[in-house]
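The values are calculated or read from the model by the stated rules, or taken from the named source; none is laboratory data. Just so it is clear, the structure is predicted and the values come from calculations on it, not from any experiment. FYI the Cβ positions are ideal-geometry reconstructions off the backbone, even for glycines, and counts take in every protein chain you see.
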Amino acid sequence: MYLLIINPRSGGGAGQRTWLSIEAMLKARGIAYEALFTKSAEQAEAQVLHALTRREDWRAAILIGGDGTIHSVLGALRRRGVPLGVIPAGSGNDTARGFGIPLDTEAALDAALQDRCLEADLLAGTGGLTLTAVASGFDAQVAVNVNNSRYKRLCNAVGAGQLAYIIGILHTLITFRPCRVSVTSTQRAGL
């Protein structure tokens, strides 16, 4: 049994459109699944954890969404030891690109259904777990600007989610003000 985690709002509605395609493919292949639609990033982890505790025979959780959706459910999947498959349906899909997950919907489903897992290190911080990268400075400010912008929604609506990040880079180039930071470590360099 597969748990399908769907963020219908990801990628400006791409999550919902992708789900409709995936649902038809799963039914045509006779694959058993349960669909869970996330309500919000804040509630997604609790929703997934609740679903995972209802049964023990999950083969994998297959997520339809973007990097934000992945980030919001990693904790629940890690706690229950359930593998994650990703079908990209976000604005940037950096995680999918970084792990070589196909951007084509059917190819991504085929990859997610394989019984082959790639182990990956997770980064833990005050904001929870992350899978691909942690950013600060300019890069982080680009992400903040894009996620708080009106143009991201517009770009996603016309299927040009990556354009939002190009606009965000240009916006941040004009407005970014660097600041000094101090990093303290309890370990010596080289250890």
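Condition check: modelled with pLDDT of 85 or more, loosely packed, with under 10 Cβ neighbours inside 10 Å and either among the β-branched types (Val, Ile, Thr) or over 23 Å from residue 77 (Cβ atoms) (or both). Does residue 126 satisfy that? For residue 126, the condition - modelled with pLDDT of 85 or more, loosely packed, with under 10 Cβ neighbours inside 10 Å and either among the β-branched types (Val, Ile, Thr) or over 23 Å from residue 77 (Cβ atoms) (or both) - is not met.
Exactly one residue out of 107, 164 is out of contact with any strand residue (DSSP E or B) (no Cβ under 9 Å at 6 or more places or on another chain) and modelled with pLDDT under 90: that is 164.
Do the conditions hold for residue 38, that is, is it over 24 Å from residue 122 (Cα atoms), buried (at least 19 other Cβ atoms within 10 Å of the Cβ) and touching a strand residue (DSSP E or B) at 6+ places or on another chain (Cβ under 7 Å)?
Judged against the criteria, residue 38 is not a match.
Name every residue in the stretch 80-122 that is part of a helix (DSSP H, G or I) and buried (at least 21 other Cβ atoms within 10 Å of the Cβ), in order of residue number. Once the filter is applied, which keeps residues that are part of a helix (DSSP H, G or I) and buried (at least 21 other Cβ atoms within 10 Å of the Cβ), the stretch 80-122 yields 95, 96, 108, 109, 112. Note on the stretch 152-187: residues that are within 20 Å of the chain's Cα centre (by Cα) and not aliphatic (A, V, I, L, M) total 9.
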